[in-house]
């Protein structure tokens, strides 16, 4: 069952009120958009048909206008040639063409009014559809935020059971051990350097003593 039954139902609809009363707002708003889009298709198809009919009537109007002018010229030609009988016949044809012209003019005016109304209705439905689509987008974004918040709360809940904290503690202990190993290695390296320095000093002292002996000192 549709939400709307006619054009006025759509343009006069209170979208917020309809959604507030709906048991399933998301389903309701999707149904609204579908009905509005279907209505737009019908309105645009009807408007296109009227515009095509108006174009045909406009061509017929121009032909009638040319006929009026043509019979007028023929009537003048007949008079100039002394053929009053032909002039009368031409004027009768002109009169009939003029009557058709007047009817077509009224028809064109009617088409213009109908097409203008149809375009106005299309614009109103499109505006209403834009509003509904915006509300649907807001609904989607709100649902997305709610889902993200739920996921965040679940993460916090899992963290609160202690397993995550234990994991962090294990990581900290591992980092501390790595740092201690690094410091120990650094201390050992420094000690080795000190002994190498002492050994090098012994070698130098021995060479100096040898030089003294050679010099008789």
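For the range 1-29, what are the residues that are assigned to a helix (DSSP H, G or I) and surrounded by 13 or more Cβ atoms within 10 Å (Cβ to Cβ)? Break it down into steps so the answer makes sense when it comes.
Step one: list which residues in the range 1-29 are assigned to a helix (DSSP H, G or I), which gives 7-11, 15-21, 25-29.
Once the filter is applied, which keeps residues that are assigned to a helix (DSSP H, G or I) and surrounded by 13 or more Cβ atoms within 10 Å (Cβ to Cβ), the range 1-29 yields 7, 9, 10, 11, 15, 18, 19, 25, 26, 28, 29.
Screening the candidates 128, 105, 119, 94 for the property of being modelled with pLDDT under 90, surrounded by 12 or more Cβ atoms within 10 Å (Cβ to Cβ), part of a helix (DSSP H, G or I) and assigned by TED's automatic domain parsing to the domain that holds residue 50 yields one hit, 128. Scoring residue 39 on the criteria (1) exposed (fewer than 14 other Cβ atoms within 10 Å of the Cβ); (2) assigned to a helix (DSSP H, G or I) leaves a single failure, condition (1).
The values are calculated or read from the model by the stated rules, or taken from the named source; none is laboratory data. Everything numeric in this text was worked out from a predicted model, so none of it was measured. Quick reminder, even Gly has a Cβ in these numbers, built from the backbone with ideal geometry, and neighbours come from all protein chains shown.
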